[in-house]
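Report on the following structure.
Computed from the coordinates by the stated procedures, all read-outs in this text should not be read as laboratory data. Remember, it's a predicted structure, so these values are computed and weren't measured experimentally. Here the Cβ positions follow ideal geometry from the backbone for every residue, glycine too, while neighbour counts run over all protein chains shown.
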Amino acid sequence: MYSSNDFERLFIRYKAEALPSGESILSFCNRNKVPYNLFEKWYKDTRHRLVPVQVDGRPSAEPWFDPYSDMTTEEKSKLIIELMSSQKSDRERINSLMDKLDRMAESQLAANEASTLLRGQLSELMHLLKDREDAYRLLQSEKEALAEQLKVNRKTMYGSKSQKGISKKKENKRTKEEDKDHFDGSPESISQVDE
C-alpha cells in the first residue's frame with residue numbers, strides 16, 4: 001500500500017526526471033511499477049491542497065540541503081521501491097492482524113450470544129425451581145392440615161380415654177351359663193338344641 005508521501009516523492013521525481021524529457025505520467029508510473037489509478041486518485045485528492053507560495057524578501061543564506069544528493073537517480077528509485085515494498089509487507093502484516101482481530105471479535109460475539117442464551121435458560125430454570133418450592137410448601141401445609149384433621153378425627157372417634165373399647169366388649173359378653181344354651185345333658189335340653 002502506498003502512502004501520500006510515496007506518491008508525493010514519485011510526483012517530484014516525475015517532474016524532475018520525466019517531464020523535461022516529455023514522458024507521460026502514465027508511462028512513468030508503469031516504468032516504476034506504481035499503479036496509475038492509485039496515483040491519479042492521490043493527485044485528484046491532493047492537488048487542491050497544494051498551494052503555491054510566493055516568498056517576499058530575501059531567501060535565507062543557507063541553501064536547501066537534499067539528504068539524498070549523493071545518490072544517483074537510479075539509487076533513489078531503488079530506495080523508493082524498497083520503501084514501498086517494506087510498506088507493502090507492513091500493510092500485509094496489518095491486514096493479517098486485522099483479520100485475526102475480526103475472527104476474535106466474531107468468536108466474542110458468538111460467546112456473548114451463547115451467554116445470553118444460557119442466561120435465559122438459567123432464568124427459566126430458576127422460575128421452575130421457585131414454582132417447585134411453592135408447590136412443595138403448599139403440599140407441606142396440606143400435609144400438616146391433614147395430619148391435624150386426622151388427629152381431630154381420632155379424638156372425636158373415641159371421645160375420651162375412658163370410653164375406649166367399652167361399648168362392644170361388655171354388651172356381647174355372656175356368662176358361661178348363657179353359652180351353654182341351657183344344655184345340661186338331659187333329654188329335654190337335647191330336644192331344645194335340635195329345634
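A few remarks follow.
- Chain lengthening between D134 and K78 when straightened (0.36 nm per residue, less Cα-Cα): 11.9 nm
- The length gained on full extension between V152 and T116, counted as 0.36 nm times the residue separation minus their Cα-Cα distance, comes to 7.6 nm.
- Approximate spin-label separation R31-Y68, in nm, with each point projected 7 Å along Cα-to-Cβ: 1.6 nm
- With θ taken as phi - 60° and the Karplus curve 6.51 cos²θ - 1.76 cosθ + 1.60 applied, the whole-hertz 3J(HN,Hα) list for the stretch 2-8 is 9, 9, 4, 5, 4, 5, 5 Hz, x standing for glycine and proline.
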